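Below is one structure, written out as structure tokens, with a few remarks after it.
The values are calculated or read from the model by the stated rules, or taken from the named source; none is laboratory data. Worth saying up front: this structure is predicted, and the values here are computed from it rather than measured. Ideal geometry is used to build each Cβ from the backbone, glycine not excepted, and the neighbour counts take in all protein chains shown.
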Amino acid sequence: MRSGIGKVICLLILCWGGALSSAYGLEKYGRPLPSMEGGEAREAEETLFGGYLLAAPFVSNPTFAARPDNTGLVGMRYMAHLEMDLYRQYLTFYTDQNFFSDRKNGWIELSEWDMTYALTGLIDRWGWRIQYERDAPLDRSGLKQVYADVLATGNLHAADDFSWWRHYFPNQNLNAYAGFGWLFHNSNYFARPDNTGRALFRYVAHVDVDLYKNKVVLYGDTNFFTDRELNNKLKATELDWIVGLAFRFKDDYEVSVYREQDRSLDKPGTLIQEYWAVQLRFAFDVPKRLFREFINEKP
Amino acid sequence: MYILYAAVTIVLLFSGCGSTPPETKSDNPTARRLLGKTRAELLQCAGTPLREVPYGPGVILRYYKEAPMLEESRSFLKGSTPGEHHGCWASLLIENEEVTGVEFRTVPQGAGNEDDDCEVIFTGCLQ
């Protein structure tokens, strides 16, 4: 009972601390300017669609499988990501197309294709997502892992949310989110790295520590899965974590080094999938203005 | 169960950290240093503005910078996380060929990293 009250008090204090924060988005100097809210003008400059391409050699990979049936070992990962706001920040569509090669099969030929399609959005500091993912082998027929899930997250942006942050950390930032997801459709999406069980819920947490002006970013990401075949469907059976360090330059380029490990939480001694990767990411975005100009120039 | 507690705690904490209405502030050294620059200096260091809006005897030059996609969108094996697309409008009032007023406005209101994107527009003006 005492422990429960303590937890409630802690939560109240934390939430109160959060409520003291303040966000600002307007700075004025010298003579006042008339109100220019952007509106239509922002519309023309904002991103119509954007995304990135990445390539990542798995420089050390003792166990991370190159197909959904856990055969092979990943050599290369390639990915294309595209996202588009359908209605401001409230409704965004994105897709990921991930390709892997098998280092046991020459590194070049692709062995797996994971495709994801999702709708997502933000309302204040709350995020939501509905996603479909299909992981399938490419170089042979075999097991496919497919699921659809919904996810809700709470987001924190320290530089925006805490008025004191910029005073102490003018060139740093901390962005984080945590959330809960439900795999409402699951066809062979497993609850452990050794391909046992079937995932039901996911708990996610992520943090980006911007060490210097968004040029050097330390990040961590965790995913827990639960097993719908267990009596306790809330108990986590798998933990996937990533820690990485990213260096960004010229706005659109990023080199990062990261480590991922996927492990069972309730079956010690079973398969742990892990690797180290070096990743090059190139981002792009197309403003609506450019697109309109392109259309208007066409004969 | 501890994991569930942790997740609930973090989400509740974040919900308490929701944004509050924007307020005006004026402690940005980049913006302050733009005051007094001539129009010619400004065009040379920041480039051509997107718009020039006549205002009384002067003119307002408007620049815009969208935040880099890498800052807004993250990727992991377990899924991507697009963030809020945002940018910054910089409006500079020119009177008698000199900057007399500066305004940095993040859009959409309260979106991430405040005026960083505006500062990038004028990096060349501070050297």
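With respect to the numbered conditions (1) facing chain B (nearest Cβ under 8 Å); (2) of a type outside the set (A, V, I, L, M, F, W, C); (3) not in a strand (DSSP E or B), which one is the sole condition not fulfilled by A:Asn98?
(3)
Residue-wise test of (1) over 30 Å from A:Asp240 (Cα atoms); (2) aromatic (Phe, Trp, Tyr); (3) touching a Gly at 6+ places or on another chain (Cβ under 6 Å).
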site	(1), (2), (3)
B:Ala40	yes, no, no
B:Gln44	yes, no, no
B:Thr48	yes, no, no
B:Arg51	yes, no, no
B:Tyr55	yes, yes, no
B:Met69	no, no, yes
B:Ser80	no, no, no
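Kindly provide the set of residues from region B:63-98 that are in a strand (DSSP E or B), at the interface with chain A (Cβ under 7 Å from one of its Cβ atoms) and in contact with a helix residue (DSSP H, G or I) (Cβ under 8 Å, 6 or more places away or on another chain), ordered by number.
B:Tyr64, B:Glu66, B:Pro82, B:Gly87, B:Trp89, listed by residue number.
Here are the criteria: (1) crowded, with 18+ Cβ neighbours inside 10 Å; (2) modelled with pLDDT of 95 or more; (3) facing another protein chain (nearest Cβ under 9 Å). Tell me which single one A:Ala199 does not satisfy.
(3)
Suppose we filter region A:253-289 for residues that are free of Cβ contacts under 8 Å to residues at least 24 places away in the same chain and of a type in the set (A, V, I, L, M, F, W, C); how many remain?
Result for region A:253-289: 1.
For region A:53-102: of the residues being surrounded by fewer than 16 Cβ atoms within 10 Å (Cβ to Cβ) and of a type in the set (Ser, Thr, Tyr), which is nearest to B:Gly79 (Cα to Cα)?
Result: A:Tyr78.
Look through region A:155-179, keep the residues that are over 14 Å from the mean Cα position of the chain (by Cα) and part of a strand (DSSP E or B), and return whichever of them is farthest from the other protein chains (Cβ to nearest Cβ).
This residue is A:Leu174.
Which ones in region A:272-299 are under 22 Å from the mean Cα position of the chain (by Cα) and of a type outside the set (Phe, Trp, Tyr)? Outline the logic, then answer.
Going through region A:272-299, the residues under 22 Å from the mean Cα position of the chain (by Cα) turn out to be A:272-286.
Scanning region A:272-299 gives A:Ile272, A:Gln273, A:Glu274, A:Ala277, A:Val278, A:Gln279, A:Leu280, A:Arg281, A:Ala283, A:Asp285, A:Val286.
Conditions tested, residue by residue: (1) of a type in the set (Ser, Thr, Tyr); (2) surrounded by 15 or more Cβ atoms within 10 Å (Cβ to Cβ); (3) modelled with pLDDT of 95 or more.
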{"position": "A:Trp128", "(1), (2), (3)": "no, yes, yes"}
{"position": "A:Glu133", "(1), (2), (3)": "no, yes, yes"}
{"position": "A:Ala148", "(1), (2), (3)": "no, yes, yes"}
{"position": "A:Leu156", "(1), (2), (3)": "no, yes, no"}
{"position": "A:Phe162", "(1), (2), (3)": "no, yes, no"}
{"position": "A:Asn171", "(1), (2), (3)": "no, no, no"}
{"position": "A:Phe184", "(1), (2), (3)": "no, no, yes"}
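Would you confirm whether any residue within region A:138-151 is under 26 Å from A:Asn214 (Cα atoms) and part of a strand (DSSP E or B)?
no
When you go through (1) of a type outside the set (S, T, N, Q); (2) at pLDDT below 95; (3) within 18 Å of the chain's Cα centre (by Cα) one by one for A:Val216, which number turns out not to apply?
(2)
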